[in-house]
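*Asks:* Structure in structure tokens, see below.
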Amino acid sequence: MKFYSLNKQAPQVSFKEAVINGIAPDQGLYFPEAITPLPDSFFNAIDDLHPHQIAFEAIHQFVHEDIPEDVLKTIIAQVLDFDFPVVEIEENVATLELFHGPTMAFKDVGARFMAQCLGYFFEGEGKEVTVLVATSGDTGGAVANGFLGVNGVKVVILYPSGKVSDIQEKQLTTLGENITALEVDGTFDDCQRMVKTAFLDQDLLKHMRLTSANSINVSRWLPQLFYFLFAYQKAKSKGKEIVFSVPSGNFGNICAGMVAQRLGMPVQHFIAATNVNDIVPQFMKNGNYHPKPSVATISNAMDVGDPSNFIRIRHLYKDNFDQLSENLVSHSFNDEQTRAAILKIYNSTGYVADPHGAVGYLGLKKYQEEHPETYGIFLETAHPVKFLDVVEDTIEQHIDIPEKIAALLDLEKRALPISNYEELKTYLLAN
Ligand SMILES: *Cc1c(COP(=O)(O)O)cnc(C)c1O
């Protein structure tokens with residue numbers, strides 16, 4: 001399986017090269033040259049499959065030339081060592097909980113899968129690669145955790161000072177070993193800009209091999225398709241048409257769901273739910289794609305003004321707007337609506353949703369007004385404890401802090417303050 005650049009000005013590469021490059025030399029995102037549907041028998045007999053088998057069958061075609069079967073099985077077993085429950089909270093409304101991994105947000109699976117792939121590719125090579133990543137919150141922790149102790153890989157995380165939650169900051173600043181956190185005096189956009197500058201800095205690239213662990217990387221993006229298959233397996237017996245509502249920021253997760261659909265998963269409709277950063281909901285109204293500077297919201301992991309993976313969705317549909325509209329709707333909700341949803345869900349069902357999950361819930365309910373016969377699954381992308389202040393304040397209840405988070409809070413933060421690109425470069429060259 002080859003991967004090509006969506007800008008079509010760069011050579012096709014193997015999975016391994018796509019993972020190591022992150023982004024193609026022409027700045028395009030990599031895309032698999034084919035998506036071959038799994039046999040009907042796979043979906044008919046999915047009830048009998050272990051999640052690790054489901055994952056193996058689904059990802060094998062994309063990676064098999066670079067990762068032998070036994071290695072792939074080991075990687076999958078290491079990545080997927082926690083559960084993905086589907087919890088029904090109302091009639092025909094269920095939530096797919098993606099927060100049972102080590103950092104309690106859904107990015108753990110992609111980050112771990114990428115870390116394991118890179119670790120395998122560099123095993124015994126004696127070379128080192130530096131993973132450079134900018135985070136607005138959850139990516140940093142997931143990447144730090146996923147890459148901790150992986151040989152041959154150094155991780156440098158840039159985060160905006162004072163703009164991530166306390167728990168998120170602890171998750172990325174307390175691990176040590178091969179993980180370094182740089183605390184940037186600036187916004188997430190500044191962090192992102194510095195990372196992009198580094199990837200283009202020939203002077204720097206003479207001295208080191210750099211790669212990115214943002215969701216543009218195919219090894220972080222593709223494994224997210226597992227979630228949808230796991231949920232399909234659990235909801236299939238309902239005998240209804242299943243729809244997924246995905247709280248979306250960079251649109252990597254929902255795009256992976258659409259790849260699962262191309263693999264033959266019998267699901268027709270996806271709902272992309274966003275906060276007021278509504279670039280895609282606007283696009284789905286009028287076909288015009290207008291990126292805007294991002295606006296801060298209580299669902300901060302979705303504060304994205306130019307969703308980088310949406311181009312992959314458009315490409316999946318060969319940029320045919322009408323066909324895309326048959327499978328995808330997109331709705332935007334503000335913070336007030338999100339808080340009201342958290343409260344409503346809590347009061348009527350006792351379930352505590354996080355702000356991102358609540359946006360997904362709102363998208364689903366809106367869709368079901370017109371499609372009441374469907375079985376809707378919204379993705380709970382983070383544990384509510386990661387957004388403690390907002391959630392406790394909204395439901396006026398105390399939330400217990402899970403063990404794995406509580407232990408973190410006592411650890412000492414270690415981060416190096418930087419304020420511009422020159423300081424980042426100096427750090428990278430010196431270490
Ligand atoms: C990253 C993230 C999202 C957005 O996912 P995309 O794949 O970027 O659309 C949603 N919720 C949470 C909690 C996240 O961390």
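The values are calculated or read from the model by the stated rules, or taken from the named source; none is laboratory data. Quick caveat, the model's predicted, so the values are computed rather than measured. Positions of Cβ are backbone-derived with ideal geometry, glycine not excepted, and every protein chain shown enters the neighbour counts. Heavy atoms of the whole protein, side chains included, go into the accessibility calculation; ligands, DNA and RNA do not. Shrake-Rupley method; radii C 1.70, N 1.55, O 1.52, S 1.80 Å.
*Asks:* Of everything in the range 206-225, what is charged (D, E, K, R) and surrounded by fewer than 20 Cβ atoms within 10 Å (Cβ to Cβ)? Give them in sequence order.
*Replies:* Of everything in the range 206-225, those that are charged (D, E, K, R) and surrounded by fewer than 20 Cβ atoms within 10 Å (Cβ to Cβ) turn out to be K206, R209.
*Asks:* On to the next question. Just one of Q323, Q268 is at pLDDT 95 or above and more than 20 Å from the chain's Cα centre (by Cα); which is it?
*Replies:* None of the others qualify; the one that does is Q323.
*Asks:* Residues that are without any contact (Cβ under 8 Å) to a residue 40 or more places away in the chain: which helices (runs of 4 or more DSSP H) entirely in the range 271-327 hold 3 or more of them?
*Replies:* Output list reads 279-286, 321-327.
*Asks:* Please specify each residue of the range 336-383 satisfying the condition of being within 15 Å of the ligand (Cβ to nearest atom), open to solvent by 10 Å² or more (accessible area, probe 1.4 Å) and part of a helix (DSSP H, G or I).
*Replies:* L362
*Asks:* Name the residue, out of S215, S219, that is within 16 Å of the ligand (Cβ to nearest atom), touching a residue at least 60 places away in the same chain (Cβ under 8 Å) and assigned to a helix (DSSP H, G or I).
*Replies:* None of the others qualify; the one that does is S219.
*Asks:* So, one more: Looking only at helices (runs of 4 or more DSSP H) that fall completely inside the range 136-202, which ones have 3 or more residues that are in contact with a helix residue (DSSP H, G or I) (Cβ under 9 Å, 6 or more places away or on another chain) and within 18 Å of R414 (Cα to Cα)?
*Replies:* Those helices (runs of 4 or more DSSP H) span 138-147, 166-173.
*Asks:* Taking the range 98-109 as the search range and keeping residues that are within 21 Å of I59 (Cβ to Cβ) and in a loop (DSSP other than H, G, I, E, B), which one is nearest to the ligand (Cβ to nearest atom)?
*Replies:* The qualifying residue nearest to the ligand (Cβ to nearest atom) is F106.
*Asks:* Now a separate question. If you go through the range 253-270 one residue at a time, how many are out of contact with any Lys or Arg (no Cβ under 9 Å at 6 or more places or on another chain) and not in a helix (DSSP H, G or I)?
*Replies:* Counting residues in the range 253-270 that are out of contact with any Lys or Arg (no Cβ under 9 Å at 6 or more places or on another chain) and not in a helix (DSSP H, G or I) gives 7.
*Asks:* On the basis of being among the basic types (K, R), open to solvent by 10 Å² or more (accessible area, probe 1.4 Å) and part of a loop (DSSP other than H, G, I, E, B), does K127 make the cut?
*Replies:* Yes; evaluated as a whole, the condition is true for this residue.
*Asks:* Okay, next question. Has the range 303-312 got at least one residue that is in contact with a Leu (Cβ under 7 Å, 6 or more places away or on another chain) and open to solvent by less than 10 Å² (accessible area, probe 1.4 Å)?
*Replies:* Checked the range 303-312: at least one residue is in contact with a Leu (Cβ under 7 Å, 6 or more places away or on another chain) and open to solvent by less than 10 Å² (accessible area, probe 1.4 Å).
*Asks:* Check off (1) part of a helix (DSSP H, G or I); (2) away from the ligand (no atom under 16 Å from the Cβ); (3) touching a residue at least 60 places away in the same chain (Cβ under 8 Å); (4) in contact with a helix residue (DSSP H, G or I) (Cβ under 7 Å, 6 or more places away or on another chain) for Q116 and give me the number that stays unchecked.
*Replies:* (3)
Every residue, every condition in (1) surrounded by 23 or more Cβ atoms within 10 Å (Cβ to Cβ); (2) under 21 Å from the mean Cα position of the chain (by Cα), yes or no:
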{"position": "L96", "(1), (2)": "yes, yes"}
{"position": "P102", "(1), (2)": "no, yes"}
{"position": "G162", "(1), (2)": "no, no"}
{"position": "L172", "(1), (2)": "yes, yes"}
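*Asks:* Filter the range 234-252 down to the residues that are touching a helix residue (DSSP H, G or I) at 6+ places or on another chain (Cβ under 9 Å), open to solvent by 10 Å² or more (accessible area, probe 1.4 Å) and in a helix (DSSP H, G or I), then identify the one that is farthest from the ligand (Cβ to nearest atom).
*Replies:* My answer is S237.
*Asks:* Let me ask something else. Which condition number in (1) more than 28 Å from Y4 (Cα to Cα); (2) within 13 Å of the ligand (Cβ to nearest atom) is the one that A231 fails?
*Replies:* With (1) more than 28 Å from Y4 (Cα to Cα); (2) within 13 Å of the ligand (Cβ to nearest atom) applied to A231, the lone miss is (2).
*Asks:* Are there any pairs with C-beta distances below 8 angstrom linking a residue in the range 190-205 that is open to solvent by less than 70 Å² (accessible area, probe 1.4 Å) to a residue that is assigned to a helix (DSSP H, G or I) and among the small types (G, A, S), with the two at least 6 apart or on different chains, and if so which?
*Replies:* Correct list of pairs: L204/A198.
*Asks:* Identify all residues within the range 7-59 that are polar (S, T, N, Q) and more than 21 Å from the chain's Cα centre (by Cα); write none if there are none.
*Replies:* The answer is N7, Q9, Q12, S14, T36, S41, N44, Q53.
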